[in-house]
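A quick write-up on the structure given underneath.
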Amino acid sequence: MSRRVLIVDDSPEICELLQSVLDSAGMEALGLTSSQQAVGHLSREKFDAIFLDIRMPPPDGIELAGRARASGFNQKTPIVMISGDADPALQARAFQAGANFFLYKPLDRRRLMRILRVTQGSIQRERRRFQRVNVRCKATVESSSARIEGSTLDMSLNGMLVQTEGSFPASTRVGVTLQLKPGAKPFHASGKVARLIGDDCMGIELVIVSMEESERLQEFLLPLILASAEDADAKK
């Protein structure tokens, strides 16, 4: 059975480009340039993946994501936001509405296909933004008053669990620096301490991530998420 994908973008060129790429991958792509038309489809049809332009005439992509999550059909369907905007507040709103990934303009076929691979199989039933994988990276967490060194225990697109020699109180705003790969430039983002585990582990939620850093994090984590899911399927 072919997988069915919904694309909603008020730019006919982008809509056609995505349709072409998805069709070539053997997927049945429904492309709409009217977000109003999308409302009805989301309320009565099940999709395997949904691509939404974040900025459209009402209802915009964020509102459509919320409607998809509220429907009985697409509560767990992977939602990819199409954006040319690095506004962190806008990204945070999109994630809160139910978005799983961001696909940044100009669109990149390789990144698109990688995101589609992650949505296949059993992992399609989960929320990718919160999918955690065990990965150790050197980490630095700092507040306005102190700096703590440590390493990650697990990571997701939304945050991480960091083991350190100390900790900050819950809700503390922090800057996070990670060495994702040896020799690569450090990853930087802002977050807050969401929870504490003992005296030496902090769960950190990412709050402000630039477009460039968000892309780098996705590039780093998506292959690990995919490998983890494939390994879990192989053990069944």
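The values are calculated or read from the model by the stated rules, or taken from the named source; none is laboratory data. Since the structure is predicted, the reported quantities are computational estimates derived from the model, not experimental observations. Ideal geometry is used to build each Cβ from the backbone, glycine not excepted, and the neighbour counts take in all protein chains shown.
Quick notes
- Taken together, L90, L52, L18, L32 contain a single residue that is touching a Leu at 6+ places or on another chain (Cβ under 8 Å), modelled with pLDDT under 95 and among the hydrophobic types (A, V, I, L, M, F, W, C), which is L18.
- I148 vs. criteria in contact with a Gly (Cβ under 6 Å, 6 or more places away or on another chain) and surrounded by 18 or more Cβ atoms within 10 Å (Cβ to Cβ): yes
- Residues satisfying the criterion are absent from region 215-225 (criterion: part of a loop (DSSP other than H, G, I, E, B) and either touching an Asp or Glu at 6+ places or on another chain (Cβ under 9 Å) or surrounded by fewer than 18 Cβ atoms within 10 Å (Cβ to Cβ) (or both)).
- Hits in region 1-32 (condition: part of a loop (DSSP other than H, G, I, E, B) and under 23 Å from the mean Cα position of the chain (by Cα)): R3, D9, D10, S11, A25, M27
- Conditions (1) in a helix (DSSP H, G or I); (2) more than 14 Å from A94 (Cβ to Cβ); (3) of a type in the set (V, I, T): number failed by T77: (1)
- Pairing each residue of region 68-84 that is in the same structural domain as R117 (by TED's automatic domain parsing) with any residue that is part of a strand (DSSP E or B) and hydroxyl-bearing (S, T, Y), provided the two are 6+ apart or on different chains, yields C-beta distances under 7 Å for S83/Y104; G84/Y104.
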